[in-house]
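Inspection log for the structure reproduced underneath, given as structure tokens.
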Amino acid sequence: MGISGLRGRRGVNQYSRRRQVVPALGIRLLQQALASSGPDLEAATLGVSQLLELAGAADSSPKLLLALARNSHWEVRNRAAAHPDYPAAAIQLAARDKDIALRTGAAENPRCPPQILSRLARDRECSIRVAVAENPAVPAAVLAQLATDMLPEVRAGAVRNPTCTPELLERLADDRLMVRMQVAASAACPPSMLEGIVARNPEEPEGFGALLAVVRLAVDWETVVNGATAVRSTVAANAHCPPELLRQLAVDSQPLVRGAVACNLAVPASLLRQLSMDSDTQVRLMVASNLSAPPELLGWLVQDSQQQVARRAVDNPSCPPPIRAMWQLAHDET
């Protein structure tokens, strides 16, 4: 079939040029029409977006889902097979199908039996192993196995699984960048582990980038330098990051890290006040966007020298209505 990664890839809309006879029908009417008329109506009148909506609708019947699983578009087949109401017997058949879209759908299905997930965890297709790794129904032993997969995409999927344990996270905390970032973003990551991740992804020494450029190692080392910054930023944005670590990251040399602290909804108000005076405009912009920013702080940012910061503070729902009205009046007059 030639699709090596179902996630993040959009299929070609095979129906985009066909006239849609029933564009105004609601989701329930579409279901009724398709159920009563079968594949002929599907091919003649429904576009891929409507079929995807049907395949993902909470009240789609098993009969309808089976029909959608035979559709010519891989995204429709995938979504139908992943639906919680897809028949159990059909899940077993999909898991053995040569079609990658159906096997991935079975691997994503929350009702997929553990023994089938165990078999799909050994599938040669990366996208299927990722789907198994992210499925909350996967057995703990299989998840631990996938956390050692040769591909970082699969290991990152294991980290995203809500059942991933702190022990597994600890094992993956020093993995490749994409995996480390998932660990740093995990709600299950204990504060002590977040502190360790920051310590192992330190700030770069002043002038380090220039030195690397001189010795012609900049291309290789930029990935390491920027990767460490990205990891610290991810920790800073984690809602479970402890206040003392947020205080450390709020004075990081990289604006990206300070900005991540500024947009963290759990950040203490004292740190938001500190970051509202940051020299970097983007950091102040993040403070102005933070929905937990105190009203008086937003009133201060409305006076920011950069209009984009002031505008963002005015648009924040926590901005006091009188301040918003005064700002809008002043700018309407100008």
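The values are calculated or read from the model by the stated rules, or taken from the named source; none is laboratory data. What you see is a predicted model, and the numbers here were worked out from it, not measured in a lab. Glycine also receives a Cβ, built like all others from the backbone with ideal geometry; neighbour counts cover every protein chain displayed.
This table checks each residue for (1) of a type outside the set (D, E, K, R); (2) in a helix (DSSP H, G or I); (3) free of Cβ contacts under 8 Å to residues at least 40 places away in the same chain.
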| residue | (1), (2), (3) |
| --- | --- |
| ARG119 | no, yes, yes |
| SER127 | yes, yes, no |
| VAL132 | yes, yes, yes |
| ARG155 | no, yes, yes |
| VAL159 | yes, yes, yes |
| PRO162 | yes, no, yes |
Next item on the list: Residue by residue through region 278-298, note down the ones that are closer than 15 Å to ARG258 by Cα and either in contact with a Phe, Trp or Tyr (Cβ under 8 Å, 6 or more places away or on another chain) or hydroxyl-bearing (Ser, Thr, Tyr) (or both).
Entry: SER279, THR281, SER289
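Conditions (1) within 22 Å of the chain's Cα centre (by Cα); (2) of a type in the set (Phe, Trp, Tyr); (3) surrounded by fewer than 24 Cβ atoms within 10 Å (Cβ to Cβ), marked per residue:
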{"position": "ASN238", "(1), (2), (3)": "yes, no, yes"}
{"position": "GLU244", "(1), (2), (3)": "no, no, yes"}
{"position": "ARG247", "(1), (2), (3)": "no, no, yes"}
{"position": "ASP252", "(1), (2), (3)": "no, no, yes"}
{"position": "VAL261", "(1), (2), (3)": "yes, no, no"}
{"position": "SER270", "(1), (2), (3)": "no, no, yes"}
{"position": "ARG273", "(1), (2), (3)": "no, no, yes"}
Notebook entry, point to check: Do you know which residues across region 106-132 are in contact with an Asp or Glu (Cβ under 9 Å, 6 or more places away or on another chain) and not aliphatic (A, V, I, L, M)?
Noted result: GLU108, ARG111, CYS126, SER127, ARG129
Check: Since MET178 meets every condition but one in (1) at pLDDT 95 or above; (2) in a helix (DSSP H, G or I); (3) surrounded by 13 or more Cβ atoms within 10 Å (Cβ to Cβ), which condition does it not meet?
Finding: (1)
Note to self: Could you go through region 75-95 and let me know if any residue there is crowded, with 24+ Cβ neighbours inside 10 Å, among the charged types (D, E, K, R) and touching a helix residue (DSSP H, G or I) at 6+ places or on another chain (Cβ under 9 Å).
What the structure shows: yes
Checklist line | Pairs where the first residue, in region 96-107, is in contact (Cβ under 8 Å) with a residue 24 or more places away in the chain and crowded, with 24+ Cβ neighbours inside 10 Å and the second is hydrophobic (A, V, I, L, M, F, W, C) and not in a helix (DSSP H, G or I), C-beta under 6 Å, 6+ apart | finding: THR104/LEU6; ALA106/CYS112
Next item on the list: Enumerate the pairs (first residue in region 44-73 and touching a residue at least 40 places away in the same chain (Cβ under 8 Å); second residue anywhere and aliphatic (A, V, I, L, M)) with beta-carbon separation below 8 Å, excluding pairs fewer than 6 apart on the same chain, so at least 6 apart or on different chains.
Entry: HIS73/VAL48; HIS73/LEU51
